[in-house]
Amino acid sequence: MKKKIIGTITSVVVFLLVNIGNVSAQNREKDEEMLRGTYLSAAKQLWVIERANPQLFLSISGAELKNQRKKIANETLFENARYAPDGALLEGVIRNEAAFTSFQDIRLQISYISKTGTVIKKQDVVLYEYAPARDKGKRISLRISQNDLPQDYASFEVKILGATEKGSHVQQTFLEMK
């Protein structure tokens, strides 16, 4: 009798475990499908924000403006070589913290500042570089002509104004979503 009861209880337990497993598997599939849909929806919203606001995700660090000189007269026996100002090189590191959006043709604004803190001149330039999504940083160099440099600037600031989105497979994926 005990064996019959234990056998029946074992059968019931096995039956319940199998059915609970099936229900759990069905629920798990529904949960995974819902989670995937939620993730894709959130990712698409983030992509839309990134595309519309590249300046929030792009940054420049370590910016230096290095004055350049060109040789205008060679050294002679009695005279040193002579040099003249030849513009400057803007160097730094561009970083893109966007998760999905890659950018190119980054628009920068350089503000030249006097000793007293007054902005002497603002210059908008385009950096024709590519900044992939989740990029840790890329060294850049941009030539500024002598005619664009003000005479007596003491310091400068660089601000990112915007950029153009570089098309990618992510863009196609999100555009295909309903």
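The values are calculated or read from the model by the stated rules, or taken from the named source; none is laboratory data. Quick caveat: nothing in here was measured; it's all calculated off a predicted structure. We place every Cβ from the backbone using ideal geometry, glycine too, and count neighbours over all the protein chains shown.
Before moving on, here are some points about what is shown:
- When we screen F78, F100 for residues that are assigned to a loop (DSSP other than H, G, I, E, B) and without any contact (Cβ under 8 Å) to a residue 12 or more places away in the chain, the only hit is F78.
- Entry remark, the range 94-122: residues being within 23 Å of the chain's Cα centre (by Cα) and either surrounded by 15 or more Cβ atoms within 10 Å (Cβ to Cβ) or charged (D, E, K, R) (or both) number 16 in total.
- Yes/no for A88 being touching a Phe, Trp or Tyr at 6+ places or on another chain (Cβ under 6 Å), modelled with pLDDT under 95 and either surrounded by 10 or more Cβ atoms within 10 Å (Cβ to Cβ) or in a strand (DSSP E or B) (or both): no
- Put simply, of L127, L65 the only residue that is part of a strand (DSSP E or B), modelled with pLDDT of 90 or more and surrounded by 15 or more Cβ atoms within 10 Å (Cβ to Cβ) is L127.
- Matching residues, the range 101-130, being in contact with an Asp or Glu (Cβ under 8 Å, 6 or more places away or on another chain), of a type outside the set (S, T, Y) and under 12 Å from E157 (Cα atoms): L108, Q109, I110, I113, I120, Q123
- Unique residue being more than 30 Å from G162 (Cα to Cα) and either at pLDDT 85 or above or in a helix (DSSP H, G or I) (or both) when the list is K3, K71: K3
- Q45 meets all of the listed conditions (1) exposed (fewer than 12 other Cβ atoms within 10 Å of the Cβ); (2) over 21 Å from A131 (Cα atoms) but one, namely (2).
- Test: residue in the range 112-125 that is over 20 Å from K166 (Cβ atoms), in contact (Cβ under 8 Å) with a residue 24 or more places away in the chain and in contact with a Lys or Arg (Cβ under 7 Å, 6 or more places away or on another chain): yes
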